[in-house]
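K.L.:
Pasting a structure here, questions to come.
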Amino acid sequence: MLLGPSSEVGRAVLARRPDLARAVLRRWQEVLPAGALFVEVVCHHAPPGGPLGVDHAARMLALARECGVPAVLTNAVRYADPSGATTVDVLDAARRLVALDERHLDRVTAQGHLRSGAAMARTAADVAAGLGGGRQVATEEAARLLADTAALAARCEARPGARPRAGVGAPARAVGARPAPG
């Protein structure tokens, strides 16, 4: 389970309610098995104080560290490259049956695209620096964030012919189910 910036936890972090964010995150920790919960850190380098900015992402990372939940860095990808942002805006407006207008945009920047590993490493460094504590701490936190992200990605990797594992890519009821005859 990924709890990201638009989750109840993420909204509480954005509202600067760490008490509420901790309480909600701890409730999830109580009901999910160990290793099934992650905090999703997303940074689209949006303006400070709003969603998807460095400060919001850094506070999400700080909460994960405080509560002992692994954090993973994603880019909440919605399009292949930055030029796809306007197409997504049109599709979002059509889906909602609203006018194409800034007030109806889901995105705050055009950074919700597939980014290179180097770009994601720079983002991890930016987010980790937002934690404070100096250059050494930021370097260590960025490396840990990227390592935890790679570890979860490896767990989720699809392999042809492999059976799904509970909690990773398939509903628990499907694990161990026999194939249909035929």
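K.L.:
Return a yes/no flag: does the stretch 82-92 have any residue that is in contact with a strand residue (DSSP E or B) (Cβ under 6 Å, 6 or more places away or on another chain) and modelled with pLDDT of 95 or more.
P.N.:
no
K.L.:
Would it be correct to say that ALA23 is outside the structural domain of ALA138 (by TED's automatic domain parsing), more than 30 Å from THR139 (Cβ to Cβ) and either at pLDDT 90 or above or not in a helix (DSSP H, G or I) (or both)?
P.N.:
No; evaluated as a whole, the condition is false for this residue.
K.L.:
With the structure loaded, tell me whether ALA62 is surrounded by fewer than 22 Cβ atoms within 10 Å (Cβ to Cβ), aliphatic (A, V, I, L, M) and either in contact with a Gly (Cβ under 6 Å, 6 or more places away or on another chain) or more than 21 Å from ARG115 (Cα to Cα) (or both) or whether it fails that test.
P.N.:
For ALA62, the condition - surrounded by fewer than 22 Cβ atoms within 10 Å (Cβ to Cβ), aliphatic (A, V, I, L, M) and either in contact with a Gly (Cβ under 6 Å, 6 or more places away or on another chain) or more than 21 Å from ARG115 (Cα to Cα) (or both) - is met.
K.L.:
As an exercise: evaluate ASP126 against (1) surrounded by fewer than 19 Cβ atoms within 10 Å (Cβ to Cβ); (2) in a helix (DSSP H, G or I); (3) in contact with a Pro (Cβ under 8 Å, 6 or more places away or on another chain) and give the number of the one condition it does not meet.
P.N.:
Of everything listed in (1) surrounded by fewer than 19 Cβ atoms within 10 Å (Cβ to Cβ); (2) in a helix (DSSP H, G or I); (3) in contact with a Pro (Cβ under 8 Å, 6 or more places away or on another chain), ASP126 misses just condition (3).
K.L.:
Are any residues in the stretch 65-92 more than 19 Å from LEU2 (Cα to Cα) and crowded, with 16+ Cβ neighbours inside 10 Å, and if so, which ones?
P.N.:
Of everything in the stretch 65-92, those that are more than 19 Å from LEU2 (Cα to Cα) and crowded, with 16+ Cβ neighbours inside 10 Å turn out to be TYR79, GLY84, ALA85, VAL88, ASP89, ASP92.
K.L.:
Here's a follow-up. For the condition in the same structural domain as ALA57 (by TED's automatic domain parsing), of a type outside the set (Asp, Glu) and either under 17 Å from the mean Cα position of the chain (by Cα) or at pLDDT below 95 (or both), what is the one hit in ALA99, ALA119?
P.N.:
Answer to the selection: ALA119.
K.L.:
In the stretch 129-165, what count of residues is obtained for those that are under 23 Å from GLY49 (Cβ atoms) and either crowded, with 19+ Cβ neighbours inside 10 Å or outside the structural domain of VAL69 (by TED's automatic domain parsing) (or both)?
P.N.:
Count: 5.
K.L.:
If you take the residues of the stretch 103-128 that are touching a residue at least 60 places away in the same chain (Cβ under 8 Å) and not β-branched (Val, Ile, Thr), which of them is farthest from LEU52 (Cα to Cα)?
P.N.:
ALA128
K.L.:
In addition: Could you pull out the residue among ASP106, ASP148, ASP126 that is of a type in the set (D, E, K, R) and touching an Asp or Glu at 6+ places or on another chain (Cβ under 8 Å)?
P.N.:
ASP106
The values are calculated or read from the model by the stated rules, or taken from the named source; none is laboratory data. As the structure is a computational prediction, the values presented were derived from the model and not from experiment. Ideal geometry is used to build each Cβ from the backbone, glycine not excepted, and the neighbour counts take in all protein chains shown.
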